[in-house]
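Please treat every number below as a calculation from the coordinates, not as lab data. Every value quoted in this text rests on a predicted model; they were computed, and no experiment measured them. Cβ: placed from backbone, ideal geometry, glycine included. Neighbour counts: every protein chain shown.
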Amino acid sequence: MNKWIEKIIEKLIFISGIGSIVFVLLILFFLLKEGLALFSSVNVFAFLFGTNWYPISEPPQFGILPLILGSLWVTLGAVVIAVPLGIGSALYVAEVAPGWLKEVLKSGIELLAAIPSIVLGFIGIATLAPFLKNIFNLPSGLTALAGSIMLAFMAMPTIVSIIEDSINSVPKSYREGSLALGATRWQTIYRVILPAASSGILAAIMLGIGRVVGETMAVLMITGNAAILPTSILQPVRTLTATIAAEMGEAVSGSSHYYALFAIGIVLFVISFLINLVADFFLNRGKKRNRKR
Amino acid sequence: MNWHGKLLDLAVVALMVMLFFAAGCGRGNKAIQVKGSDTMVNLAEAWTEGYMEKYQANALAVTGGGSGAGFAALISGTTDIALASREMHQKEILLANKRRVFPKELQVASDGIVVVVHPSNQTERLTIKQLSDIFTGKITNWRALGGPDRKIVALSRERNSGTHVFFLESVVKLGQKKNPNEFAAEVLMMPSSQAIVEEVVSNPSAIGYIGLGYLNNRQKALAIAKDENGPYLVPNLRTVKEKRYPISRSLLFYTNGTPETRVQSFIDYVLSPAGQAVVKKMDFVPIK
């Protein structure tokens, strides 16, 4: 009897273990099946580099270049804001802050990750957008910058906690060696710890980017969703994710609009797959290097 | 472990996976599903409340998502009633027929599309042509309409919205089917009527369109005319009911053929005086 229970539990754990892989494969299969159907009627290049997104016109135009650039602008903006802030706060938490403050800061940053993105979007539309409109004297505050700022907040927890981990895993002997040679604390941080933790920092940045590229709700609410080719971060943009979210309801299953949205899904999948791959590469490199030393 | 054992393991795993999926398929007593137009969601919920109070019985589930989403659900058989703020397109009907779904249309209320601006905006009235020029990007400055030198921020609903499609067809394309006009790429696509309201309230250069039910005294509604000869009319219960206001539309129910009894009893309630009183209470326009 016990043997049977053992066996069943073993199998349950096995299923849970391979479950995630099975589901990823199923999702990928479904995405490819629905998305690739578009390319029987639309040229791949016209899809990727077309500049007009008019999916419900007659005849429809499926050019996603404005959407790709929209996602790119928002992401770049978020990275420019979140990375320096993230490195700074990780350094402060890991190296400078006294013990009790460290705990408070760490839980504060974790709490930031717990705020639902729709709440951030709502705050953005009610306070950030009017604020940006007044400062930059814009026609409307619903711009790529508004999205970038909100997404920077969302990426911060990921970035800070991974960078902090990699700073903590820098061997103590480095720090002591540097200080013993007469370097100041800042020189030690700047010349020794940051370079030693660089793989982790790069991985953190990549994972932060992954978080930003995939984010939907907040950008849908505060970036204005105009499918123009953006030339400045102070213009409204339409991102890949927001397009899927906003239009999936309308698309009748089996129409070319529906297939086009799945094709956008493939593009997103490829982007986040590459980002994760690069992040993994840096994380592993960092681990190996530290092990060698 | 020999191959017998492995085979047994495989069988156990397969059985568990099947059980796992089978558990998800069982369904009990189904609620009547009502899905579609975001414009009509609040109205449908009010009907649902009134209906359930009166008959103490059938449960109804109301979901939004846009008229297109309602049609999509009707075609795929996941909803009993599709709420629609626009008529079904020929293409959608063909697709439905292909899946052995035969949509039946029924008008349940009327609505006027209100064009709103910031209360401080001096503009009082516009023609359909001027509106079309604003939303296609031909007029980009309030100066061209006699206002101050300020860029116009045009706000539209997203493409999943029946209001978007209705506005596109009857205003941007000037009501002509073959007209090639499109929303300019610069027009901001807002995810909900409430988002348009928020932006108009806080932005003196904004212009947007919403259903009559969303209008309040924090925005200014413009008077609209078919052409320069007028008459310029503001949307209200009377002008919309008499279809004199130029951007009025019907709010519709779509069912698959003749609905089953319990769905029909809900529809009967909607068309009854009690149901139409709810329409008025929700700031839409009753048909009777």
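Data overview
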{"item": "Qualifying trypsin sites (Lys or Arg not before Pro) for region B:148-234 [loop in DSSP, other Cβ within 10 Å: at most 10]", "result": "B:K177, B:K178"}
{"item": "Inter-label distance, nm, simple model (7 Å from Cα along the C-beta direction), A:L85/A:L101", "result": "1.9"}
{"item": "Point-charge dipole on Cβ atoms (K/R +1, D/E -1) for chain A, about Cα centre, debye to 20", "result": "1240"}
{"item": "Protection-proxy order for peptides A:71-79, B:255-263, each taking the mean of Cβ atoms within 10 Å per residue, highest first", "result": "A:71-79, B:255-263"}
{"item": "Ascending count of other beta-carbon atoms within 10 Å, so fewest first, for B:H164, B:H89, B:H118", "result": "B:H89, B:H118, B:H164"}
{"item": "Within region B:112-248: Cβ-based charge dipole about Cα centre, in debye rounded to nearest 20 (Lys, Arg +1; Asp, Glu -1)", "result": "340"}
{"item": "Alpha-carbon centroids, region A:216-273 and region A:1-49: separation in whole Å", "result": "23"}
{"item": "Selected from A:I18, A:I135, A:I167 as most flexible by GNM, with chain A as the system and alpha-carbon contacts under 10 Å", "result": "A:I18"}
{"item": "Share antiparallel - DSSP beta bridges, the protein assembly as shown, percent rounded to 5", "result": "60"}
{"item": "Kirkwood hydrodynamic radius of region B:112-248, Cα pairs, Å", "result": "14.7"}
{"item": "Between 0 and 90°, nearest 10: helix A:2-36 axis offset from chain A longest Cα axis", "result": "50"}
{"item": "Chain B - percent relative contact order, Cα under 8 Å, separation 6 or more", "result": "25"}
{"item": "Integer Hz, Karplus 6.51/-1.76/1.60 couplings in order for region B:217-222, x for Gly and Pro", "result": "7, 8, 10, 10, 8, 8"}
{"item": "Per-q log10 I(q)/I(0), region A:161-293, q = 0.11, 0.17, 0.18, 0.19 Å⁻¹ (Debye; single scatterer per alpha-carbon; no solvent)", "result": "-0.60, -0.92, -0.98, -1.03"}
{"item": "Proximal aspartates and glutamates relative to A:K133, as straight alpha-carbon distance under 15 Å, when same-chain residues fewer than 8 apart are discounted", "result": "B:E198, B:E199"}
{"item": "All lysines inside 26 Å of A:K288 as judged from Cα atoms, apart from same-chain residues fewer than 8 positions distant", "result": "A:K172"}
{"item": "Average other protein chain Cβ within 10 Å of Cβ, residues B:172-185", "result": "2"}
{"item": "Chain B - convex hull of alpha carbons, volume per residue in Å³", "result": "193"}
{"item": "Rg/Rg_globular for the protein assembly as shown, with Rg_globular taken as 2.2 N^0.38 Å and Rg from C-alpha atoms", "result": "1.14"}
{"item": "Calculated [θ] (222 nm, deg cm²/dmol) that DSSP helices of n ≥ 4 give over chain B, each run adding -39,500 (n - 2.57)", "result": "-11500 deg cm²/dmol"}
{"item": "Average partner coverage of B:213-219, which counts Cβ from other chains inside 10 Å", "result": "0"}
